[in-house]
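What follows is a short report on a single structure.
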Amino acid sequence: MYVNIYLHGCLLHLLELSICKKPKVIPLHTLSASHQNRDTCVKSGLKAPFGKSHHHYSKMSNNMLTASCYLDFDPDRELIRKSVYRRIGYNTDAELRPRIASLVEEYLDHAKHLIQSSFSCVVRRIEQVQGPIVIIENSIHLTSRIIARLLKLCQKVAMFALTIGHGLEERVRELADQGLVLESYLLDAIGSSLTEKMADSVQETIDQRARSQGLSISRRFSPGYCDWHISQQGAIFQAIQSPHLDIKLSKDYFMLPQKSISGIIGLGSPGSNIVSYSPCKTCKKHDCPGRR
């Protein structure tokens, strides 16, 4: 981990040195035409920009929850900042170079104008667990020994997908195309941190709903980690089938936009030990970036 932090720090230093003359920083709030209909989307209840503490649910029932949401940005700014620092290789209490610190603050101010967040979540009954195969109602099959061990302890499973939209990724590409490599790198790190923060918020929403039904939830797990193959994204999207979720799967099962997260959360009785379930306790891959 220390090697990674050192290398990230060196990378940032090299990015600074590679720019002999400080370029003009193009304001992030200069949005492309594809984002100008944001107010219409908000009024229709389909999507909403990241930046306020508010949730709009377009559909909600016993099994289905589809939401477009404003997520709380300003009160959690310090948490986002610390997350960004870690992603670019700094300790949270480290003193950044003035230019990097200034860019981080400026981009945190404007990133919320580039975010158009949405998520969908469906809760289904677990019908059967056979070895590494989990059979969920509506003929959804998940294949993973680690996921099967978790869901064997559960009664239901929440399958979700979320995204912060295309806007920030498009801006990252624009900055890179204009030779603003450092700026592009920092904005991308902010986008990743915001996506994780949104996933935390979605997990909290699922937890609140589970508690109202007398259930507890597990940690969240995503395809591509442990022994759960990335192709299992297909099963999650098959279960969700939401017309309001602006995420596409590539032929290799990668999500577009990239600033998206999909996964599952187990729901079970409070005494089922699902809260403490972690495959990391027995995993020998100590250098895994997802290790908890």
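Suppose the filter is over 21 Å from LYS112 (Cα atoms), in a helix (DSSP H, G or I), touching a residue at least 40 places away in the same chain (Cβ under 8 Å) and of a type in the set (S, T, N, Q); does GLN238 pass it?
So GLN238 fits the description; yes.
Out of region 173-187, which residues are closer than 22 Å to ILE261 by Cβ and surrounded by fewer than 23 Cβ atoms within 10 Å (Cβ to Cβ)?
ARG173, SER184, TYR185
Which condition number does ALA210 fail, the rest of (1) farther than 19 Å from GLU196 by Cβ; (2) under 18 Å from the mean Cα position of the chain (by Cα) being met?
(2)
For region 108-120, give me the residue count where each residue is surrounded by fewer than 22 Cβ atoms within 10 Å (Cβ to Cβ) and touching a helix residue (DSSP H, G or I) at 6+ places or on another chain (Cβ under 7 Å).
Residues in region 108-120 being surrounded by fewer than 22 Cβ atoms within 10 Å (Cβ to Cβ) and touching a helix residue (DSSP H, G or I) at 6+ places or on another chain (Cβ under 7 Å): 1 in total.
State whether one or more residues within region 260-280 are under 18 Å from the mean Cα position of the chain (by Cα) and without any contact (Cβ under 8 Å) to a residue 24 or more places away in the chain.
no
Which pairs do you get when a residue that is of a type in the set (S, T, N, Q), found in region 138-159, comes within reach of a residue that is surrounded by fewer than 20 Cβ atoms within 10 Å (Cβ to Cβ) and not in a loop (DSSP other than H, G, I, E, B), reach meaning Cβ atoms under 6 angstrom, with the pair 6+ apart or on two chains?
Qualifying pairs under 6 Å: THR143/ILE133.
Only one residue in VAL157, VAL84, VAL134, VAL129 is modelled with pLDDT of 95 or more, buried (at least 21 other Cβ atoms within 10 Å of the Cβ) and farther than 20 Å from SER242 by Cβ. Which one?
VAL134
The values are calculated or read from the model by the stated rules, or taken from the named source; none is laboratory data. Here the structure is a predicted model, which means the values were calculated and not measured. For neighbour counting, all protein chains shown are included, and Cβ atoms are generated from backbone atoms with ideal geometry for every residue, glycine included.
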